[in-house]
Ligand SMILES: [Zn+2]
């Protein structure tokens, strides 16, 4: 157990605080990004629904056209049969069926005209919605880019801190690493604490037996407070500013204070 190991553990502990803080800040961008994008998503969803309606109408028009084609073929056949009838009764029967078929064709054609009219009007509406959706998408992009850039800056910093943490862990022995990581994973933020001048634990302030104090001051092994379990050291707390720089500030983060004017004039 060297003093370097303790120094490394102390720095890892500070890094973990900063890492936790950054993880929260990175995640906080997600609802903000969703909110910024919403107007574009709403306009795009309306456009998609209108396009679907248009496709349905076009399918209806095609189906109607096929049906009218079938009836026209049937009418042509009946026409042909009319020239070959052998008696009046047969002629009357064919003529009656031909009349019915022609009426059905007329009905189909009427319906097709109505659908074509609806299609034209829907096409105009779809074009308008497309413009609206494109404008909405363009309008959200600058803010979205800003937020994503800020989020990326924090994510980069997070990667840097995690890299530094990995490097430091290489200098820490397996048993110390195990103790540290099990504490850390259980959600405790204080794993390593100072042995105070008066011989108390820097975390729980319980008094450490004199013999143990001496061992800790020699720094020959890893000693833990019997009361609270933290690893005790006389190694000074390192400054993260020296190794990973100051905390990152970005403009796009949701601020506590709002832009809304004060409501002092209420009532
Ligand atoms: Zn303690």
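Could you list, in sequence order, the residues of region 197-224 that are within 13 Å of the ligand (Cβ to nearest atom), within 20 Å of residue 11 (Cβ to Cβ) and in a loop (DSSP other than H, G, I, E, B)? If the condition is that a residue be within 13 Å of the ligand (Cβ to nearest atom), within 20 Å of residue 11 (Cβ to Cβ) and in a loop (DSSP other than H, G, I, E, B), then 202, 203 are the ones that fit.
Taken over region 161-173, the residue count meeting the criterion of being surrounded by 15 or more Cβ atoms within 10 Å (Cβ to Cβ) and under 36 Å from the mean Cα position of the chain (by Cα) is 5. Specify the residue that is farthest from the ligand (Cβ to nearest atom); the eligible residues are those in region 225-242 that are modelled with pLDDT of 90 or more and surrounded by 18 or more Cβ atoms within 10 Å (Cβ to Cβ). The selected residue is 233.
Consider region 174-196 and keep the residues that are surrounded by 12 or more Cβ atoms within 10 Å (Cβ to Cβ) and in contact (Cβ under 8 Å) with a residue 60 or more places away in the chain. The one that is nearest to the ligand (Cβ to nearest atom) is 190.
Table: residues versus (1) within 32 Å of the chain's Cα centre (by Cα); (2) closer than 27 Å to residue 131 by Cβ; (3) exposed (fewer than 14 other Cβ atoms within 10 Å of the Cβ).
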residue: 19; (1), (2), (3): yes, no, no
residue: 25; (1), (2), (3): yes, no, no
residue: 29; (1), (2), (3): yes, no, no
residue: 39; (1), (2), (3): yes, yes, no
residue: 44; (1), (2), (3): yes, yes, no
residue: 48; (1), (2), (3): yes, yes, yes
residue: 55; (1), (2), (3): yes, yes, yes
residue: 59; (1), (2), (3): no, yes, yes
residue: 74; (1), (2), (3): no, no, no
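Scoring residue 258 on the criteria (1) modelled with pLDDT of 85 or more; (2) more than 16 Å from the ligand (Cβ to nearest atom) leaves a single failure, condition (1).
A single member of 132, 122, 167, 177 is out of contact with any helix residue (DSSP H, G or I) (no Cβ under 8 Å at 6 or more places or on another chain), more than 30 Å from residue 76 (Cα to Cα) and in a helix (DSSP H, G or I), and it is 167.
The values are calculated or read from the model by the stated rules, or taken from the named source; none is laboratory data. Predicted model, so just to flag it, every value in this text is computed and none were measured. Note that each Cβ is placed from the backbone with ideal geometry, even for glycine, and that neighbours are counted across all protein chains shown.
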